[in-house]
Amino acid sequence: MTQSALARKMFLIVHDSFSGKALGPPKLIRYAVVAAGLAELVMQRRLAVDDGRVVMVGDWRGDGDEVHAVLAAAIGPGGRYVSRSWVEETGDAVFAQVVRGLVADRVVRREVRAGLLRRTPVSRFPAVDLLSAAGPRVQLEHMLRSPHDLDIVGSTFAAVLDGLHLDGVLDGDGDVDRAMVRRAAADAVKILPSNLWDLLAAVTVAVEEVTLTFRRL
């Protein structure tokens with residue numbers, strides 16, 4: 001199944017490979033996944049960013065990538081401003097599509113568990129193919145340990161995790177911590193093209209109120 005590589009990798013980074021548990025609040029997880037999907041399109045020069053507005057460059061709606069198709073429909077021919085409501089709505093749609101693809105490709109499986117105090121059921125996504133599921137996290141952790149190996153993708157992931165206050169998702173390993181993510185995010189401005197940095201900044205600003213709320217909890 002053809003899907004945005006970066007959206008899939010971000011999904012796997014922000015979920016525990018063994019338990020399948022999300023490593024952050026569901027809203028922020030979805031923001032991170034959609035940010036990664038948008039970032040891939042900017043890297044491919046299929047999206048341009050102008051003062052917080054994303055605009056399609058050319059018509060790539062039929063490229064066969066199912067995540068790209070969701071994003072193309074959400075952006076539309078006239079472009080869209082990166083608002084909180086738009087990121088939330090688009091994030092839900094992208095997240096659902098990524099889940100569908102990873103389950104179909106047998107990278108993860110979906111488990112639905114009863115929520116606390118009979119609230120909304122909670123989905124978890126433990127690995128079926130542990131090597132594939134854990135790979136993106138292992139690669140990112142390696143780059144954070146060895147900053148000279150940090151590439152544009154690793155810098156993008158670090159910037160998204162830091163901007164959405166998900167920098168703690170990598171705390172599980174003793175030698176990779178929040179400080180490493182924050183340093184990589186600070187260095188990202190030197191590495192990332194201005195168009196890509198503008199996109200990540202727009203997403204962060206759009207959802208800043210939500211991220212600060214979770215930060216205080």
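The values are calculated or read from the model by the stated rules, or taken from the named source; none is laboratory data. Only a predicted model underlies this, so the values are computations on that prediction, with no experimental measurement involved. Using ideal geometry, Cβ is built from the backbone for each residue, glycine included, and neighbour counts are taken over all protein chains shown.
Annotation: of all residues in region 1-46 being touching a Lys or Arg at 6+ places or on another chain (Cβ under 8 Å) and assigned to a helix (DSSP H, G or I), the one that is nearest to residue 124 (Cα to Cα) is 12. Filtered by the rule that a residue be in contact with a strand residue (DSSP E or B) (Cβ under 6 Å, 6 or more places away or on another chain) and farther than 19 Å from residue 195 by Cβ, region 25-80 gives a lone residue, 29. Restricting to region 12-57, and then to whatever is in contact with a helix residue (DSSP H, G or I) (Cβ under 9 Å, 6 or more places away or on another chain) and of a type in the set (Lys, Arg), can you tell me which residue is surrounded by the fewest Cβ atoms within 10 Å (Cβ to Cβ)? This residue is 45.
Scan region 58-70 residue by residue and report those that are within 19 Å of the chain's Cα centre (by Cα) and either free of Cβ contacts under 8 Å to residues at least 60 places away in the same chain or exposed (fewer than 11 other Cβ atoms within 10 Å of the Cβ) (or both).
69, 70
Checked against the criterion of being free of Cβ contacts under 8 Å to residues at least 24 places away in the same chain, more than 16 Å from the chain's Cα centre (by Cα) and part of a helix (DSSP H, G or I), region 75-95 has at least one qualifying residue.
One residue is enough: does region 122-141 have a residue meeting the conditions surrounded by 15 or more Cβ atoms within 10 Å (Cβ to Cβ), out of contact with any His (no Cβ under 7 Å at 6 or more places or on another chain) and of a type in the set (Phe, Trp, Tyr)? Looking for residues that are surrounded by 15 or more Cβ atoms within 10 Å (Cβ to Cβ), out of contact with any His (no Cβ under 7 Å at 6 or more places or on another chain) and of a type in the set (Phe, Trp, Tyr), one finds none in region 122-141, hence no.
Checked against the criterion of being at pLDDT 95 or above, closer than 24 Å to residue 100 by Cα and of a type in the set (D, E, K, R), region 47-62 has no qualifying residue.
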